[in-house]
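Novice: My questions all concern the structure below.
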Amino acid sequence: MTALLTAVIAVGVLAGCSGKTGGNATTTSSTAGEQTSSAPTSEGSASGLSIAKFVDKPCDVLTTAQVAKLGGVNAAKPGTSTLGATCEWVGKVPTENSSYTVYVTEDKDVEGMVGNVKSQPIFTDKKIGDVRVVVNDSTDGTLHCRAIIEVSKTDSATVDVRVAAAERASKPACTEVESVATMVIDTLKG
């Protein structure tokens, strides 16, 4: 009985120690397959981003100076979608000016969102600075591209770019979405 109790205590101590090894709290409850996807999440949440003040005011996620960089767009139009609060800047002339939408998403599993787009023809999981950004498109990235900005495991901002025909040569969709994502990240850092 004493030997059994000693063995149980030893296993408990070893399990406690192995959970602390590596210094990443997310690895203790994750399987080996999930550890890879959890690492960027914990790094992203430590990046200092917050969507808290933009959940009710999604159009504030880009400053006036940042919106000016988008080119010929109409005034911001707030709304809602399945991803949460949105703000859209539609090109003044649809064939000449690109359109932009930013989604502020609260309490939705970011890994689930990434999993939904992982098999798309355009998919890049990268860092912009210290922030995880997933660039994706369901076709070839010519007309449209999207970037999911990971704020935490359950909060994100998503940038959607629809490039106008006249701007396709000067504003490749996925390059443009990364540029706008960088602006959004700057705003979220406050």
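The values are calculated or read from the model by the stated rules, or taken from the named source; none is laboratory data. Worth saying up front: this structure is predicted, and the values here are computed from it rather than measured. Neighbour counts are summed over all protein chains in view; Cβ atoms, including those assigned to glycine, are modelled from backbone coordinates with ideal geometry. All accessible areas refer to the heavy atoms of the entire protein, side chains included, with ligands and DNA or RNA removed. Shrake-Rupley method; radii C 1.70, N 1.55, O 1.52, S 1.80 Å.
Novice: Determine whether GLU150 is within 22 Å of VAL61 (Cβ to Cβ), open to solvent by 60 Å² or more (accessible area, probe 1.4 Å), under 13 Å from the mean Cα position of the chain (by Cα) and in contact (Cβ under 8 Å) with a residue 12 or more places away in the chain.
Specialist: The answer is no for GLU150.
Novice: Still on this structure, please answer the following. Does ALA68 satisfy the criteria of being open to solvent by 20 Å² or more (accessible area, probe 1.4 Å), free of Cβ contacts under 8 Å to residues at least 60 places away in the same chain and of a type in the set (A, V, I, L, M, F, W, C)?
Specialist: So ALA68 fits the description; yes.
Novice: While we're looking at this one, here's another question. Out of all the residues in segment 148-169, which are part of a strand (DSSP E or B) and over 18 Å from GLY71 (Cβ atoms)?
Specialist: ILE148, ILE149, GLU150, SER156, ALA157, THR158
Novice: Okay, next question. So is THR158 at pLDDT 95 or above, closer than 13 Å to TYR103 by Cα and among the hydroxyl-bearing types (Ser, Thr, Tyr) or not?
Specialist: Taking the combined requirement at face value, the residue satisfies it.
Novice: With respect to SER99, determine if the residue is open to solvent by 10 Å² or more (accessible area, probe 1.4 Å) and over 15 Å from the mean Cα position of the chain (by Cα).
Specialist: Criteria met by SER99.
Novice: Given the condition out of contact with any Pro (no Cβ under 7 Å at 6 or more places or on another chain), open to solvent by less than 30 Å² (accessible area, probe 1.4 Å) and of a type in the set (Gly, Ala, Ser), answer yes or no: does some residue in segment 81-90 qualify?
Specialist: Checked against the condition, which is being out of contact with any Pro (no Cβ under 7 Å at 6 or more places or on another chain), open to solvent by less than 30 Å² (accessible area, probe 1.4 Å) and of a type in the set (Gly, Ala, Ser), segment 81-90 yields at least one hit.
Novice: So, one more: How many of the residues in segment 164-190 are open to solvent by less than 10 Å² (accessible area, probe 1.4 Å) and in contact with an Asp or Glu (Cβ under 8 Å, 6 or more places away or on another chain)?
Specialist: Summing the residues that are open to solvent by less than 10 Å² (accessible area, probe 1.4 Å) and in contact with an Asp or Glu (Cβ under 8 Å, 6 or more places away or on another chain) in segment 164-190 gives 3.
Matching residues to (1) of a type in the set (A, V, I, L, M, F, W, C); (2) without any contact (Cβ under 8 Å) to a residue 12 or more places away in the chain; (3) in contact with a Leu (Cβ under 9 Å, 6 or more places away or on another chain):
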residue	(1), (2), (3)
LYS108	no, no, yes
VAL135	yes, no, no
ALA173	yes, no, yes
THR182	no, no, no
LYS189	no, no, yes
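Novice: Please specify each residue of segment 110-133 satisfying the condition of being without any contact (Cβ under 8 Å) to a residue 40 or more places away in the chain, in contact with a Lys or Arg (Cβ under 9 Å, 6 or more places away or on another chain) and either open to solvent by 70 Å² or more (accessible area, probe 1.4 Å) or among the hydrophobic types (A, V, I, L, M, F, W, C) (or both).
Specialist: Answer for segment 110-133, where residues must be without any contact (Cβ under 8 Å) to a residue 40 or more places away in the chain, in contact with a Lys or Arg (Cβ under 9 Å, 6 or more places away or on another chain) and either open to solvent by 70 Å² or more (accessible area, probe 1.4 Å) or among the hydrophobic types (A, V, I, L, M, F, W, C) (or both): just VAL117.
Okay, residues lined up against (1) of a type in the set (A, V, I, L, M); (2) in contact with a Phe, Trp or Tyr (Cβ under 6 Å, 6 or more places away or on another chain); (3) modelled with pLDDT of 95 or more:
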| site | (1), (2), (3) |
| --- | --- |
| THR21 | no, no, no |
| SER38 | no, no, no |
| ALA46 | yes, no, no |
| LYS57 | no, no, yes |
| LYS69 | no, no, yes |
| THR80 | no, no, yes |
